[in-house]
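Structure record follows, encoded as structure tokens.
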Amino acid sequence: MDKYDRLIQIYRDKLNKTIYTGEWVKITQDRIDNFAKVTGDKQWIHTDPEKAKILSPYKTTIAHGFLTLSMIPYLTKSNSKEYFQKNYPEMSLRINYGLNRVRFPSPVKVNSSIRAKMMPISVKRIDNGVEIIYKITVEIKDEEKPACVAEQIVRLY
Ligand SMILES: C/C=C/C(=O)SCCNC(=O)CCNC(=O)[C@H](O)C(C)(C)COP(=O)(O)OP(=O)(O)OC[C@H]1O[C@@H](n2cnc3c(N)ncnc32)[C@H](O)[C@@H]1OP(=O)(O)O
């Protein structure tokens, strides 16, 4: 058994279980505006509180869906050194291979709080490595429907 088989063994026991629940993070207008600036997506539904109050079905500004998506590493702390050492023993490199299904079931209204949960749903051997797929659910405080559900594919070497 090599280091990849040992990692697969560890993850087989974690499959379909929530292995991490992050802290709540408030989504401020400032964060939304900064995301609008760096991506060039300045649609009023996100950036104009006065217009949104009158015209938006949500009666306030909402976060870009891609902002929520891009916060997944921060919300799960999965890119930290501590996370890597704890969760991927013996590995030296992690690659974000991409996403499968992504949905934004519920809008994130400004000043609401979100957090992420991680659940490994598949683990398999690949050439000189291991591939793990996580189901990520981003919840909104005091709301039933999540902001985002996504499957993230991670490769470990
Ligand atoms: C110009 C603006 C740009 C933006 O960036 S806007 C910001 C980002 N987008 C949003 O905020 C959209 C928010 N979403 C919604 O308002 C609603 O969403 C919709 C109106 C778009 C659709 O609503 P409904 O037709 O009622 O669909 P459903 O029941 O919400 O399901 C949508 C998909 O989400 C999955 N889903 C819902 N709840 C869960 C859950 N709890 N766990 C896992 N998946 C869930 C479903 O299965 C389905 O998926 P399946 O399209 O593949 O059938």
* Asked: How much length is gained if the chain between residue 141 and residue 28 is pulled fully straight, taking 0.36 nm per residue apart and subtracting their Cα-Cα distance, in nm to one decimal?
  -> 39.3 nm
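Just to verify a number: FRET efficiency for residue 1 and residue 74, C-beta to C-beta distance, R0 = 41 Å, to 0.05? Could the numbers behind the result be given before it?
Details: r = 35 Å, r/R0 = 0.84.
Calculated transfer efficiency: 0.75.
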* To do: In a Gaussian network model over the chain where Cα atoms closer than 10 Å are linked, find which of 81, 109, 14 has the largest mean-square fluctuation.
  => 81
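Computed FRET efficiency, Cβ-Cβ of residue 15 and residue 83, R0 22 Å: what is it to the nearest 0.05?
Working: r = 19 Å, r/R0 = 0.84.
Efficiency at R0 = 22 Å is approximately 0.75.
Between beta-carbons, use under 14 Å as the cut-off and find the net charge around residue 86, counting Lys and Arg +1, Asp and Glu -1.
Working: positive: 14, 77, 81, 94; negative: 82, 90.
Neighbourhood net charge equals +2.
Give 53/145; 86/145; 26/51; 42/81; 26/124; 81/117 a once-over and call out the pairs whose C-alpha atoms are over 27 Å from each other. Write down the numbers at each step before the final one.
Numbers: 53/145 22 Å; 86/145 31 Å; 26/51 22 Å; 42/81 34 Å; 26/124 36 Å; 81/117 19 Å.
Where the Cα-Cα span goes over 27 Å, the pairs concerned are 86/145; 42/81; 26/124.
A short reminder: the numbers here are calculations on the coordinates, not readings from a lab. Given the structure is predicted, the values throughout are model-derived calculations rather than measurements. Reconstructed Cβ throughout: ideal geometry from the backbone, glycine too, with neighbour counts over all protein chains shown.
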